[in-house]
Amino acid sequence: MSLVRLVPWVVHAAVEYAAAVLFLIAPFLFGFDSETAKWTSIAVGIVVLLVAVISRSPLSITDSLAASAHATLDYVLALLLVLAPFVGGFVEDTVATTFFVLLGVTHGTLTALTRFPERTTAGAPPSSSG
């Protein structure tokens, strides 16, 4: 069974910029108690911003990272976000734990529903239908 990819690539890219900002301000906005959660959120915000900036998307700056690689990184990030409170030892910080798990599930769902551009052979133009 194939997922219906409802989210355009440009929307996915825009959401990632917003998510990067949210990760950067979340520790202060939501008052994370754990220093580990605070710095993990800031680090994730920086990583998400860098991936958004270098990906081959309509909103990127450098077009260095292929959409397929971007999608793979997104799935890895989603998993790491869900695991972060448990691995990072800040599961007692319920606000931070809820934030990380919720954003991890949301990010994984967004990625699964995104219509990424089709892969093309290096140097070959995308195939045209018609």
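Return the residues of the stretch 1-60 that are of a type in the set (Val, Ile, Thr) and within 24 Å of residue 92 (Cα to Cα); say none if nothing qualifies. The answer is 25, 36, 40, 42, 44. Here is the figure for the stretch 7-45: residues that are over 14 Å from residue 107 (Cα atoms), surrounded by 21 or more Cβ atoms within 10 Å (Cβ to Cβ) and modelled with pLDDT under 95 total 0.
Candidates 74, 63: the one that is of a type in the set (Asp, Glu) and either modelled with pLDDT of 95 or more or surrounded by 15 or more Cβ atoms within 10 Å (Cβ to Cβ) (or both) is 74. The residue pairs whose first member lies in the stretch 100-127 and is modelled with pLDDT of 90 or more, whose second member is among the basic types (Lys, Arg), and whose beta carbons are closer than 7 Å, counting only pairs six or more residues apart or on different chains, are 113/5; 114/5; 115/5. Looking at the stretch 86-96 only, could you name the residues that are surrounded by 18 or more Cβ atoms within 10 Å (Cβ to Cβ) and either within 17 Å of the chain's Cα centre (by Cα) or aliphatic (A, V, I, L, M) (or both)? Listed by number, the list holds a single entry, 96. Looking at the structure I just gave you, is residue 57 out of contact with any Ser or Thr (no Cβ under 9 Å at 6 or more places or on another chain), under 15 Å from residue 116 (Cα atoms) and surrounded by 13 or more Cβ atoms within 10 Å (Cβ to Cβ)? For residue 57, the condition - out of contact with any Ser or Thr (no Cβ under 9 Å at 6 or more places or on another chain), under 15 Å from residue 116 (Cα atoms) and surrounded by 13 or more Cβ atoms within 10 Å (Cβ to Cβ) - is met.
The values are calculated or read from the model by the stated rules, or taken from the named source; none is laboratory data. Just so we're clear, the structure is a prediction, and the values are computed from it rather than from any experiment. Here the Cβ is made from the backbone with ideal geometry for all residues, glycine too, and neighbour counts use every protein chain on show.
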